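Below is one structure, written out as structure tokens, with a few remarks after it.
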Amino acid sequence: MKKEDLESPLLSDGEPAPADTKGCAYALVCALLASLTSIIYGYNRGVMSGAQKFVQADLGVTDGQLEVLIGATSVYSLVGSLAAGWTCDRAGRRRAVALAAAMFLAGSAATAAANGYAALMAGQLVAGVACGFGLVVAPVYIAEIAPASSRGFLSSIPEIAGNSGILLSYIADFALADLPTTLNWRLMIGIGAVPPLFLAAAAVLAMPETPRWLVLHGRHDEARRVLARTAGDADRRLREIAASVREASKGGAGGEGVWRELLLRPTPAVRRVMLAILGLQVFQQACGVAAMVLYAPRVFSHVGITSDRAVLGATVLLGAAKTVAIVVPLFLADRLGRRPMLLASAAGMAASLLVLGLSVRAPAAAASYSWWAAATCVAAAAAFMATFSLGFGPVISMYGSEILPLRLRAQGTGIGTAINRVMSAVVGMTFISMYEAVGMAGTFYIFAAFSAAAWVFVYACLPETKGRSLEEMEALFDAGANKPSPRPTLS
């Protein structure tokens, strides 16, 4: 592997900036570059919400086929998330981002050009694998490049970028809805991916490799140069990372050793870490966020909103609420801590889903009552999106990336993302069938129950991690240190 492949053009030959403020600024630039793939992911994830009606009209796709198409994208991303962990470890975090960008380009182009259901599935296969890569590599990269003092701030950026991509896709759906049916959905899917992909391709040329990956591969000089730009005391941080790598090597942290320690013979601390990660990933999707992202127009139509532009306009409102609210964890995750934000998020989701369920029970025949039901439905759906974004959106990826030991981080993040994709696929592939079986209201009551269960899980099982270095996390989860932290105070 060539030295120039590992170093970034941002790494100048001059003296590195020793100040913590400059280091945080440099880490911020790196995090923003890595998060460009999240914008592309968000756009690809959300665009089908408004495009699906026109796809069905143009290509004759049935509701059953649509469920499979949308849910299968999450299954494909499962493959991508599992492959991403291996790719991150072998080729590096930065090259994994570049590979994800190339697959997004191919997948978006193939889907937009599809002339039948099989071609749609083929395009979504490539795009789905890219989604799995994007979900893994950005959180891992940022967790490893960020200093402990600002990791919460920086780790929220991919989630904000992903939600911005979803919002952009909703706006594109709204803006292009009046074009001919044979053209509008193709433009919805195609135009939004191209500019971000060019940006992502340019960004990876300027991104440094993470210091932890460099140390793992014996590149200590390059690691010191990166740390000098992101940490106040590069030599001390390098010694900590090197010690962590040596400890990992004693445990046989090769490919087979990683999987054995994660799944077959985990230590008590690793077992608790994986329980926390997998539990959070399951509950993130079990609350039904994928249903709202993918099927919001159907929900609004159910309560009597009949105009296509009104339905898509209400969907844009959801995207805006989700994107604006997600800025809050960016500033508060490192002050309040992870646990309070997750608890508040789960409680808010449960309450808003209950109201949403009540609103969709209104009979469409009663015009005056239907108007209030429609307004309540949109407001409750926006509240759900906002409260999801306060915690269960960004904080889960942040929490999972930082609690995994270095030797297990890439593969462990891949497993967590794979579980998340399975749950997302289940929700995406069953939502239409579920509301036809138990009713729209009953479906949202089920999601509310899962949100309440998520609150209990966070309260009982997750310790606080704010302000701790990545090398301290395993001790936090070790025997006797895994009890929930006391209520954090503002610092």
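Is it possible to state the helix-based mean residue ellipticity at 222 nm for the chain, with each DSSP H run of 4+ residues giving -39500 (n - 2.57), the sum divided by total residues, to the nearest 500 deg cm²/dmol? What is it?
Result for the chain: -26000 deg cm²/dmol, rounded to the nearest 500.
With the other protein chains left in place, how much accessible area per residue, in square angstrom, belongs to the range 20-207 at a 1.4 angstrom probe?
The answer is 32 Å² per residue.
log10 I(q)/I(0), Debye, Cα-only the range 33-101, no solvent, q = 0.14, 0.26 Å⁻¹?
Log10 I(q)/I(0), no solvent term: -0.56, -1.15.
Could you work out the per residue convex hull volume over the alpha carbons of the range 20-207, in cubic angstrom?
Numbers: hull volume 19.0 nm³, N = 188.
Cα-based convex hull of the range 20-207, divided per residue, equals 101 Å³.
Kindly state, to the nearest 0.05, the FRET efficiency for Leu32 paired with Ala310, given R0 = 45 Å and r defined as their beta-carbon distance.
E between Leu32 and Ala310, to the nearest 0.05, is 0.80.
Debye calculation, C-alpha points only, no solvent: report log10 I(q)/I(0) for the chain at q = 0.09, 0.12, 0.13 Å⁻¹, in the same order as the q values.
For the requested q values the scattering log ratios are -0.58, -1.02, -1.19.
Among Val355, Ala320, Met341, whose Cα sits farthest toward the positive end of the charge dipole of the range 296-376 (+1 at Cβ of Lys/Arg, -1 at Cβ of Asp/Glu, about the Cα centre)?
The residue sitting farthest along the positive end of the dipole is Met341.
Run through all the Cα pairs of the range 266-478 and give the fraction in each 5 Å bin from 0, expressed as whole percent.
The distribution over the range 266-478 is 1, 7, 15, 18, 19, 14, 10, 7, 5, 3, 1, 0, 0, given as percents.
Under unit Cβ charges (Lys, Arg +1; Asp, Glu -1), what dipole magnitude, rounded to 20 debye, does the chain have relative to its Cα centre? Before the final figure, lay out each step's value.
Working: 39 positive and 32 negative charges, 142 e Å.
Value, rounded to 20: 680 debye.
Where Lys and Arg each count +1 and Asp and Glu each count -1, what net charge lies around Ser74 among other residues with Cβ under 14 Å from its Cβ? Walk me through the intermediate numbers first.
Values: positive: Arg45, Arg421; negative: Glu67.
Local net charge: +1.
Using unit Cβ charges (K, R positive; D, E negative) and no other charged atoms, how large, in debye to the nearest 20, is the dipole of the range 266-478 about its Cα centre?
Computed about the Cα centre, the dipole is about 60 debye.
Taking square-rooted eigenvalues a ≥ b ≥ c of the alpha carbon gyration tensor, is the range 427-472 rounded, prolate or oblate, where a/c under 1.5 means rounded and, failing that, a/b exceeding b/c means prolate?
prolate
Among Thr62, Gln124, Pro208, flag the residue with its Cα farthest along the positive direction of the charge dipole of the chain, charges on Cβ as +1 for Lys/Arg and -1 for Asp/Glu.
The listed residue farthest towards the positive side: Pro208.
What does the net charge come to around Ser433 if you take all other residues with beta carbon closer than 12 Å to its beta carbon, with K and R at +1 and D and E at -1?
-3
Let me check I've understood the local charge: for Ser389, count other residues with C-beta under 9 angstrom from its C-beta, Lys and Arg +1, Asp and Glu -1. What total comes out?
Neighbour charge sum, excluding Ser389 itself: 0.
Towards the positive end of the charge dipole of the range 20-207, with charges on Cβ (+1 Lys, Arg; -1 Asp, Glu), say which of Gly50, Ile145, Thr181 has the farthest Cα.
Ile145
Could you tell me the accessible area of Thr62 in Å² (1.4 Å probe, neighbours in place), rounded to the nearest ten?
Accessible area of Thr62: about 70 Å².
Is there a quick way to get the dipole size of the range 364-470? I mean about its Cα centre, with the Cβ of Lys and Arg at +1 and of Asp and Glu at -1; what is the value in debye to the nearest 20? Can you show the working numbers first?
Details: 5 positive and 3 negative charges, 81 e Å.
So the magnitude is around 400 debye.
Taking all protein chains as present, what is the carbon and sulfur share of the accessible area of the range 20-207, in % to the nearest whole number, probe 1.4 Å?
Within the range 20-207, the accessible surface is 75 percent carbon and sulfur.
The values are calculated or read from the model by the stated rules, or taken from the named source; none is laboratory data. Keep in mind the model is a prediction, meaning the values are calculated, not measured. Glycine also receives a Cβ, built like all others from the backbone with ideal geometry; neighbour counts cover every protein chain displayed. For the accessible areas, the whole protein counts, side chains as well, though only heavy atoms, and no ligand, DNA or RNA atoms are used. Shrake-Rupley method; radii C 1.70, N 1.55, O 1.52, S 1.80 Å.
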